[in-house]
């Protein structure tokens with residue numbers, strides 16, 4: 001029994017009726033939180049275009065599943081779990097945000113090699129006091145819409161959570177404690193005498209390491225691929241997203257949207273809960 005989930009900040013009745021007609025759906029079910037399930041759809045043509053125009057997100061779900069059938073949720077941090085790119089905001093504190101953000105954007109689109117791009121961006125931070133990370137977390141780190149509701153929902157369903165990030169442990173460790181996440185993997189900034197050295201300590205958390213972190217958590221839980229959900233937004237998320245049975249591109253770059261199972265452009269992260277309600 002297949003179904004089509006429609007979600008958005010506001011879902012108008014006329015839009016639902018039009019989409020149901022396009023899809024040949026038999027019945028519309030209100031899931032709450034501006035989410036609706038259209039049962040037994042027969043066609044997909046026209047739905048994506050209509051939803052794009054109406055500012056709605058859609059998901060063709062091929063088989064009914066509940067969230068509790070999954071075992072692991074893996075998330076990117078920057079521009080996914082949180083709204084900012086942490087290194088861009090740190091660079092802003094030394095007046096070089098535009099320069100660093102341009103390199104970040106190139107890396108996220110897959111236009112330049114990630115490790116080198118990260119080294120170049122981290123070098124900009126040399127001499128910045130370590131206290132800048134506390135300022136960053138307090139003043140600029142904000143959870144993406146629906147993040148707390150999503151985390152609460154997946155934890156209640158029994159899933160473990162893994163946060164993988166090319167960002168920094170100073171932030172991921174705070175988020176782990178705040179949200180009760182199970183596992184994190186991120187980069188460590190070098191610090192000497194209370195100031196950043198402009199270098200990283202240890203292995204760079206790039207696309208390969210993110211994938212390895214997912215596989216380690218999978219093996220620890222004895223989970224199957226179809227029991228894993230992965231969420232990301234940039235090109236360096238594609239490797240770990242490919243190891244999940246369900247991948248979600250959250251307000252993502254085109255290269256990620258093209259490969260993901262589902263795309264969230266209009267709704268918050270908690271839209272995940274409606275897919276498997």
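All of the numbers you see were taken from the coordinates with simple rules; none came from a lab. For clarity, every value in this text was computed on a predicted model and none was experimentally measured. Here the Cβ is made from the backbone with ideal geometry for all residues, glycine too, and neighbour counts use every protein chain on show.
Treat the count of other C-beta atoms within 10 Å as a stand-in for reagent exposure and order 68, 2 from fewest to most.
If I rank by nearby Cβ atoms, fewest first, I get 68, 2.
Which one of 184, 201, 103 has the biggest mean-square fluctuation once the chain is modelled by GNM with Cα springs under 10 Å?
Of the options given, 201 has the highest mean-square fluctuation.
What Kirkwood hydrodynamic radius do you get for the stretch 3-64 when you take the inverse of the mean 1/r over all pairs of distinct Cα atoms, in Å?
After inverting the mean inverse Cα-Cα distance, the result is 11.2 Å.
Rounding to the nearest 10 and keeping the result within 0 to 90°, find how far the Cα-based axis of helix 147-156 lies from the longest principal axis of the chain.
So the helix axis and the longest Cα principal axis differ by about 70 degrees.
So if I take the centroid of the Cα atoms in the stretch 124-171 and the same for the stretch 91-105, what is the distance between those two points in Å?
The stretch 124-171 and the stretch 91-105 have Cα centres separated by 19 Å.
Between the stretch 1-34 and the stretch 190-224, what is the separation of their alpha carbon centroids in Å?
After rounding, the separation between the Cα centres reads 40 Å.
Fewest Cβ neighbours within 10 Å first, please rank 116, 85 accordingly.
Arranged by neighbour count, lowest to highest, 116, 85 become 116, 85.
Going by C-beta contacts inside 10 Å, put 70, 240 in order with the fewest on the left.
70, 240
How high is the relative contact order of the stretch 69-275, in percent, counting Cα pairs under 8 Å that sit 6 or more residues apart?
RCO, the stretch 69-275: 27 percent.
What percentage of all Cα-Cα pairs in the stretch 66-107 are separated by more than 17 Å?
47
With viscosity set to 0.692 mPa s at 37 °C, what whole-number translational diffusion coefficient in µm²/s follows for the chain from Stokes-Einstein and a Kirkwood radius over Cα pairs?
168
Can you give the angle from 0 to 90° between the axis of helix 169-179 and the longest principal axis of the chain, with both taken from C-alpha atoms, to the nearest 10?
Orientation of helix 169-179: about 40 degrees from the principal axis.
Return an integer: the convex hull volume of the alpha-carbon atoms of the stretch 1-156, in Å³ per residue.
It comes to 167 Å³ per residue, whole-number rounded.
Obtain the radius of gyration and the Kirkwood radius of the stretch 214-263 from its C-alpha atoms and give Rg over Rh.
1.00
At what distance in nm do the modelled label points of residue 55 and residue 29 sit from each other, each positioned 7 Å from its Cα along Cα→Cβ?
For the pair residue 55/residue 29, the computed spacing is 2.9 nm.
Would you mind computing, in nm to one decimal, how far apart the modelled labels at residue 258 and residue 137 are, each placed 7 Å from Cα along Cα→Cβ?
The modelled label-to-label distance comes out at 3.8 nm.
Pulled fully out, how much extra length does the chain show between residue 14 and residue 191, if you take 0.36 nm times their separation in residues and subtract their Cα-Cα distance?
58.0 nm
Antiparallel as a % of all DSSP beta bridges within the stretch 140-206, to the nearest 5?
Once the DSSP bridges in the stretch 140-206 are tallied, antiparallel ones form about 50 percent.
Given R₀ = 45 Å, what would the calculated FRET efficiency be for residue 65 paired with residue 94, taking r from the Cβ atoms and rounding to 0.05?
After rounding to 0.05, the efficiency reads 0.45.
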